[in-house]
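Colleague: Once you've had a glance at the structure underneath, I'll fire off some questions.
The values are calculated or read from the model by the stated rules, or taken from the named source; none is laboratory data. Predicted, not measured: the structure shown is a model, and the values here were computed from it. Note: ideal-geometry Cβ built from the backbone for every residue, glycine included; neighbour counts use all protein chains shown. Remember, those area values only see protein heavy atoms, side chains included, never the ligands or the DNA or RNA. Shrake-Rupley method; radii C 1.70, N 1.55, O 1.52, S 1.80 Å.
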Amino acid sequence: MMSNVVLATGLVLILIGLWGMLTHRNILRIIIAFSLIGTGTHIVIVAIGYVTNGTAPIIDRALTLLEAPARAVDPIPSALVVTAIVIGLAVTAVMLAYAIRLYESKKTLSIDAFTESKW
Amino acid sequence: MRRAFVILVVVLFGLVFTSLVIAHNERHSLRPLAESYVKLIPQELGAPNVITGILLTYRAFDTLGEVAVLFMVAAGVGLVLGASNKRRKSSPRKVVETARLSSEIVQSGAQILAPLIAIFAAYIIMNGHRSAGGGFQGGAVIASGVLLLVLASTRYRVDLEFLSMTESAAGVLFVLTGIAGLIFAGGFLDNRMLPLGQFGAFFSAGAIPILSVLLGVKVGCELSVIIDRFRA
C-alpha cells in the first residue's frame with residue numbers, strides 16, 4: 001500500500017517534468033523539468049524495491065542478521081539509485097554548460113531562437 | 001494546437017502510469033537475488049550496510065565505470081566552457097570588480113560551516129560500511145562545501161591542478177586495489193584481500209573502507225572541478 005503512494009508520487013513528478021519540458025520555451029526551465037523527470041524516476045525505482053514492513057538493509061541492533069532476509073527492503077534498487085543520482089548530476093552539469101554556450105551565441109535562452117537544428 | 005498536443009501527450013502518459021500504479025503489487029518478500037545479497041554481504045564480506053557491499057564489491061566494477069563517467073563529464077564541461085573561460089581570464093580584474101560581493105552573513109557562515117562540512121563528509125565516507133553513507137554521498141558533501149566557499153568569496157580560487165592530481169591518484173589507487181583483489185582474493189575489487197575484522201567495527205569489512213575513501217576523494221574532486229568550471 002505504502003509503495004503505491006510513493007510510486008504514484010514519482011510518476012506524478014515525471015508527468016510534471018514532461019509537461020514542463022513540452023510547454024516552457026526557456027532552456028533553463030527545460031533543464032529543471034528534465035531534472036524533475038530524473039528525480040521522479042529515482043522515486044519510482046526506490047518504490048519498486050519496497051517490501052511490506054521492510055526497513056533499510058543495514059545490519060545492526062535494530063535488524064539482526066537472522067531476521068534481515070524477512071525484514072529488509074530490496075537493496076538493489078537503492079544501490080542503482082545512488083549511482084543514478086550521480087549520473088543525473090553529471091548530465092545536468094553538461095546541459096547547463098551547453099546552455100551557457102547557447103546563451104553566448106545568441107544572447108537569449110529561448111529555444112525559439114535556435115532554429116538551425118529544427119527539422 | 002501545440003497546447004492541445006501537449007495535453008494529449010501528458011494525459012496519455014498519465015493513463016499509462018495510472019495503470020502501472022493500479023497493477024503494482026507490493027512485494028511481501030525479497031526477490032531471490034536480493035535475498036542472497038542480504039544474506040551474503042554481512043556473512044561473506046563482513047559489511048553491515050548491504051548497499052555499500054553491493055556498490056563497492058559485487059558491483060564495484062559498475063562504480064568504477066561510473067567514476068569514469070564523472071571524469072568524462074568534468075573533462076567535457078571543461079571542453080565546452082573552456083574557451084569562454086580563457087576569454088574571461090584575459091580581463092580578470094574587470095570580472096572581480098563587476099562581480100557582486102556576497103553578503104557578510106554568507107561570508108561568516110561559510111567560514112564557520114566549511115570545516116564542519118569537511119568533517120561531516122569525512123564521517124559519511126568513513127562510516128559507509130557500517131551505517132548509511134559511502135563514497136558518493138561523502139564526495140557530494142565535500143563538493144557542497146566547495147560550492148559554499150565559491151559562493152561566499154569571489155577571490156576564492158579552487159586549485160584545479162591539485163584537484164586533478166588528487167583525483168588521478170585516487171583513481172589509480174582504486175584500480176590498483178582492484179588488481180590487488182585479483183591477486184590476493186577471489187577477483188577484481190574483491191574486498192577480502194584484507195582481514196574482515198570484527199563485524200560492525202570501524203576497521204572491518206576488508207578493503208571496503210579503503211575503496212570508500214578513494215571513491216569519496218575522487219567524487220569530491222571531480223564535482224569540485226565541475227563546480228569551478230561554472231564560475232563566472
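Colleague: Among (1) free of Cβ contacts under 8 Å to residues at least 24 places away in the same chain; (2) among the β-branched types (V, I, T); (3) under 24 Å from A:V91 (Cα atoms), which single condition is B:I119 missing?
Modeller: Of everything listed in (1) free of Cβ contacts under 8 Å to residues at least 24 places away in the same chain; (2) among the β-branched types (V, I, T); (3) under 24 Å from A:V91 (Cα atoms), B:I119 misses just condition (3).
Colleague: Let me ask another. Restricting attention to region B:116-147, which residues are in contact with a helix residue (DSSP H, G or I) (Cβ under 9 Å, 6 or more places away or on another chain), open to solvent by 40 Å² or more (accessible area, probe 1.4 Å) and closer than 15 Å to B:G220 by Cα?
Modeller: B:A118, B:F120, B:A122, B:Y123, B:M126, B:Q137, B:A140, B:I142, B:S144, B:L147
Colleague: Have a look at A:I76, A:I32, A:I100, A:I87 and point out the one that is modelled with pLDDT of 90 or more and part of a helix (DSSP H, G or I).
Modeller: A:I32
Colleague: Just give me the residues in region A:64-73 being open to solvent by less than 30 Å² (accessible area, probe 1.4 Å) and outside any loop (DSSP other than H, G, I, E, B), in sequence order. Talk me through it step by step, then tell me what you get.
Modeller: Here is the first cut: in region A:64-73, the residues open to solvent by less than 30 Å² (accessible area, probe 1.4 Å) are A:68-69, A:72-73.
Answer for region A:64-73, where residues must be open to solvent by less than 30 Å² (accessible area, probe 1.4 Å) and outside any loop (DSSP other than H, G, I, E, B): A:A68, A:P69, A:A72.
Colleague: Moving on. If a residue must be closer than 24 Å to B:M72 by Cα and more than 7 Å from chain B (Cβ to nearest Cβ), how many such residues does region A:46-95 contain?
Modeller: 9
Colleague: Mind listing whichever residues of region B:188-219 are within 24 Å of the chain's Cα centre (by Cα) and at positive phi?
Modeller: Let us first name the residues in region B:188-219 that are within 24 Å of the chain's Cα centre (by Cα), namely B:188-192, B:200-219.
Residues satisfying the conditions are B:L189, B:G200, B:A205, B:G206.
Colleague: So the check is Cβ under 8 Å with 6+ separation or different chains; which pairs have a first residue in region A:85-106 that's charged (D, E, K, R) and a second one that's in a helix (DSSP H, G or I) and open to solvent by less than 30 Å² (accessible area, probe 1.4 Å)?
Modeller: What qualifies is A:R101/B:V80; A:R101/B:L81; A:R101/B:S84; A:E104/B:S84.
Colleague: What are the pairs with Cβ atoms under 6 angstrom where one residue, in region B:131-157, is farther than 17 Å from B:I119 by Cβ and touching a residue at least 12 places away in the same chain (Cβ under 8 Å) and the other, located anywhere, is open to solvent by less than 10 Å² (accessible area, probe 1.4 Å) and in a helix (DSSP H, G or I)? Sequence gap at least six, or different chains.
Modeller: Final answer for the pair search is B:F136/B:V219; B:A152/B:A110.
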